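Worksheet: one structure, shown below.
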Protein chains: 2
Amino acid sequence: MMNMTETQTTLTIPLADDFHVHLRDGDLARTVTPLVRSGGVGRCLVMPNVNPPIQTVHDALEYKRSLLHIAPDMTFLMTLYLHEGLTHNELERAAEAGIVAIKCYPRGVTTNSEHGATDLMAHADTFAAAENLGMVLCIHGEIPNDTERGIDIMNAEEAFLPELKRLHTTFPKLRIVLEHVSTAAAVNAVRELGDSVAATITAHHLLLTAEDWANNPYNFCKPVAKTSADRDALRAIIKEGHPKFFLGSDSAPHRQAHKECEHPKPGIFTTPILLPLIAQCMEELDCLDNLAEFVATFGRHFYRLAPNKGTVKLERTPFHVPDRYGDIVPFAAGTTLNWSIPSPR
Amino acid sequence: MMNMTETQTTLTIPLADDFHVHLRDGDLARTVTPLVRSGGVGRCLVMPNVNPPIQTVHDALEYKRSLLHIAPDMTFLMTLYLHEGLTHNELERAAEAGIVAIKCYPRGVTTNSEHGATDLMAHADTFAAAENLGMVLCIHGEIPNDTERGIDIMNAEEAFLPELKRLHTTFPKLRIVLEHVSTAAAVNAVRELGDSVAATITAHHLLLTAEDWANNPYNFCKPVAKTSADRDALRAIIKEGHPKFFLGSDSAPHRQAHKECEHPKPGIFTTPILLPLIAQCMEELDCLDNLAEFVATFGRHFYRLAPNKGTVKLERTPFHVPDRYGDIVPFAAGTTLNWSIPSPR
């Protein structure tokens, strides 16, 4: 805890951990990756859903090398995309190589899509191995759209929670992260489960409701932002400073042409503005004292990682969010935030 | 009721009434207005929210004349935009001139926006006059977004229902149409209120859920399509053939550039495909027998109007929905419907 006063105008905290970020590859990676540090982050967990997805240790280490080539000062934590061919042997090699997590997407559990999330158990051997190896399972916790079962974009996360509970009961020592929680129901479920189950929270889910993405493709992501009651539950849990809830931005860049179009892609790009955005939100919630723990302590404790080396200084001076980074429109483009990260550091 | 068989391949019903349509003005009106007949409609209730809005008898009659100039074979029923300056005298003249309804928008009740829908009662004199004159009150029944009260785009309609009930209790003989109902809660509320309260249902709310507009601006409208349970409630009430629920398409054209952009405008354009779309939906619901009542009987009974002269013939032959009408992308663009309206008639 820091001692904050109303007159505080600077804030120095450890470099942050972002436990969920999309860095893409190719040109997009070259645009996005250097911006992670600009947002105040020193270490990030990189999602494996590039095309083709990162499914092997070899590919994960190659991907990591390519990212380090772009941003040598960043610590990249890597993930493997859960799939049927993930052998116990490969998982052992992954753990040895320092790959910290397996990522499970809804489409990763749709081998028999008519059975929905019960297919999670098709990966029981993988989960058992991950539990033994001390790897983390990151889950995008939504049931795919299913009209007959009444599951849609607004209740898909809540509908997944029984599966989460079942998974936790079956593998009580497996560390599970329910990612980008977006509902009061998910907050409550994670709070009530054992210490091996945690959740990440994005900056944008702290700020948005369905109202905000209905007519703005730049505010559209999956899981979608829900009601104000849901948003308030997320705010309450970070104001409480609960150690099982920590930062995973799910920052996901898309080119402007893939947003202002007939079928906008889901994903919100917060990477370059991440800590100023969160600082402003937490200041408004009167819990700026919790910032360092939310972005730099709780997550690494769960992942059993050492603190980041280095600090980041935030200043309470206006930060005009650019309209574009390359051809990517960031969240809150063109607005002014209360907090900034001076550069060069 | 018609006798339908599985082998039926044509269907002749009275020309339909569309009790909620946006025809715009200028170029857009010239593109859209002739298409009303193409969709199988012979008479339509024209919304007054052009810019500036239609607030006087004079303006309504001028607007009607301009529409008749474009489409002389159509019967246009006109509405006045509810506003504070609407005098009893003007309402009397409106009734004499055959203007059938007053339209109340959420922004029409925000004179003191901090009081939300309680402001409806600021128009009590107007409602009393409309009740006496036999005019219909058409309501866009949503409470404006209000974070403090927990009201957002998904529950805004349900939150309005207590206001609807209060209005009905205060003015029991005032005929009220709750327009474009989108929730099971609204269906139940209208069903349970007296015979002076009815509802319109759009074609698109019979077909969409939030899933469908999340990443498709052409499926975005207000009120937004909700959950599959809500959609199923709409389907059930038309399958039941309840006489208080009838067609109001809320077809609302926007140019492509106002849809594929940073802030897509709400509105779905179904006018040129209206009856084929509804016929296909009702056939899938196994209630095609109810089509004529839903589109040509229940509404005119509520509005106390004579039947339309003329009929429309639908054929069960594929109808390829065009990609564009001018620079307007219609609902279901590029898809093929099972039913078509042969032209020329």
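Derived scalar couplings between HN and Hα for segment B:31-38 equal 6, 7, 4, x, 7, 4, 5, 4 Hz in order, rounded to whole Hz, by the Karplus curve 6.51 cos²θ - 1.76 cosθ + 1.60 (θ = phi - 60°), x for Gly and Pro.
Think of segment B:10-337 as a dipole: +1 on every Lys or Arg Cβ, -1 on every Asp or Glu Cβ, centred on the Cα centre; then among B:Thr200, B:Pro162, B:Pro307, B:Pro307 lies furthest on the positive end. Our note on the geometry: Cα centres of segment B:49-88 and segment B:258-312, 22 Å apart. Ranking A:Phe331, A:Thr33, A:Leu247 by Cα position along the charge dipole of chain A, where only Lys, Arg, Asp and Glu carry charges on their C-beta atoms, puts A:Thr33 farthest toward the positive end.
In this Cβ point-charge picture (+1 for Lys and Arg, -1 for Asp and Glu), the protein assembly as shown has a dipole of about 760 debye about its Cα centre. Ranking A:His20, A:Ala233, A:Tyr105 by how far each Cα lies toward the positive end of the dipole of chain A (charges on Cβ) leaves A:His20 at the top. Which angle between 0 and 90 degrees, to the nearest 10, do you get for helix B:124-133 versus the longest principal axis of chain B when only C-alpha atoms count? Approximately 60 degrees, to the nearest 10. Averaging the sequence gap over all C-alpha pairs within less than 8 Å and six or more residues apart, then dividing by the number of residues, gives chain A a relative contact order of 20 percent.
Please work out the Kirkwood hydrodynamic radius for the protein assembly as shown, using every pair of different C-alpha atoms, and report it in angstroms with one decimal place.
On the way: mean 1/r = 0.0365 Å⁻¹.
By the Kirkwood definition, the hydrodynamic radius is 27.4 Å.
Ranked for footprinting exposure by Cβ neighbours inside 10 Å, fewest first, B:Val181, A:Val321 give A:Val321, B:Val181. Rounded to the nearest whole Hz, the Karplus-based 3J(HN,Hα) values (6.51 cos²θ - 1.76 cosθ + 1.60, θ = phi - 60°) of segment B:234-245 follow the sequence 5, 4, 5, 6, 7, 5, 5, x, 6, x, 8, 10, with x at glycine and proline.
Using the count of nearby Cβ atoms within 10 Å as a rough guide to exposure, how do A:Lys309, A:Lys244, A:Lys259 rank from fewest to most?
Numbers: A:Lys309 10, A:Lys244 20, A:Lys259 24.
Fewest-to-most Cβ neighbours within 10 Å comes out as A:Lys309, A:Lys244, A:Lys259.
Distances between copies at B:Asp25, taken between label points 7 Å from Cα along the C-beta direction, are 5.6 nm in increasing order. The GNM of chain A, with springs linking C-alpha atoms under 10 angstrom apart, assigns the highest mean-square fluctuation among A:Leu68, A:Leu247, A:Leu234 to A:Leu68. For the pair segment B:141-218 / segment A:139-204, the C-alpha centres are spaced 31 Å from each other. Comparing B:Pro307, B:Pro72, B:Pro52 in a Gaussian network model of chain B where C-alpha atoms under 10 Å apart are linked, the largest mean-square fluctuation is found at B:Pro52.
For B:Ala333, project a label point 7 Å along Cα to C-beta. Then give me every residue of segment B:201-222 with its amide nitrogen under 14 Å of that point. Residues B:216-220 fall inside that zone. Computed from Cα atoms, the angle from the helix B:156-170 axis to the main principal axis of chain B rounds to 60 degrees. Each copy carries B:Pro322; placing its label point 7 Å along the C-beta direction from Cα gives inter-copy distances of 4.3 nm, listed from smallest up. A cut-off of 5 Å between modelled amide H atoms, ignoring neighbours fewer than 5 places along the same chain, links B:Thr311 with B:Leu15.
So what's the back-of-envelope 222 nm ellipticity for chain B, counting only DSSP H runs of four-plus at -39500 (n - 2.57) apiece and dividing by all residues, rounded to 500? Working shown, then result.
Working: 12 runs with 109 residues, N = 345.
Mean residue ellipticity at 222 nm (helix-derived): -9000 deg cm²/dmol.
If Lys and Arg each add +1 and Asp and Glu each add -1, what is the summed charge of the other residues whose beta carbon sits under 14 Å from the beta carbon of A:Leu68?
Details: positive: A:Arg30, A:Arg37, A:Arg43, A:Lys64, A:Arg65; negative: A:Asp25, A:Glu62, A:Asp73.
That works out to +2.
What whole-number volume per residue, in cubic angstrom, does the convex hull of the C-alpha atoms of chain B give? Walk me through the numbers on the way to the answer.
Numbers: hull volume 44.3 nm³, N = 345.
Once divided by residue count, the hull of chain B is 128 Å³.
In nanometres and ascending order, the distances from the A:Glu62 label point to those of the other copies are 7.0 (point 7 Å from Cα along Cα→Cβ). For A:Pro48, the shell of other residues with beta-carbons less than 10 Å away shows a net charge of 0, using +1 for Lys and Arg and -1 for Asp and Glu.
Here the gap between A:Ala229 and A:Asp125, fully extended at 0.36 nm per residue and compared with their Cα-Cα distance, gives a gain of 33.7 nm.
Compute, for chain B, the length of the dipole vector about the Cα centre, with Cβ point charges of +1 (Lys, Arg) and -1 (Asp, Glu) only. Units Debye, rounded to 20.
Details: 31 positive and 42 negative charges, 188 e Å.
Its charge dipole is roughly 900 debye.
With both labels modelled 7 Å from their Cα along Cα-to-Cβ, the B:Thr317 to A:Asn216 distance reads 4.9 nm.
Values in this text are rule-based calculations from the coordinates and carry no lab data. This one's a predicted model, so the numbers in the text were calculated from it and none came from an experiment. No Cβ is skipped: glycine too gets one built from the backbone with ideal geometry, and neighbour counts run over all protein chains shown.
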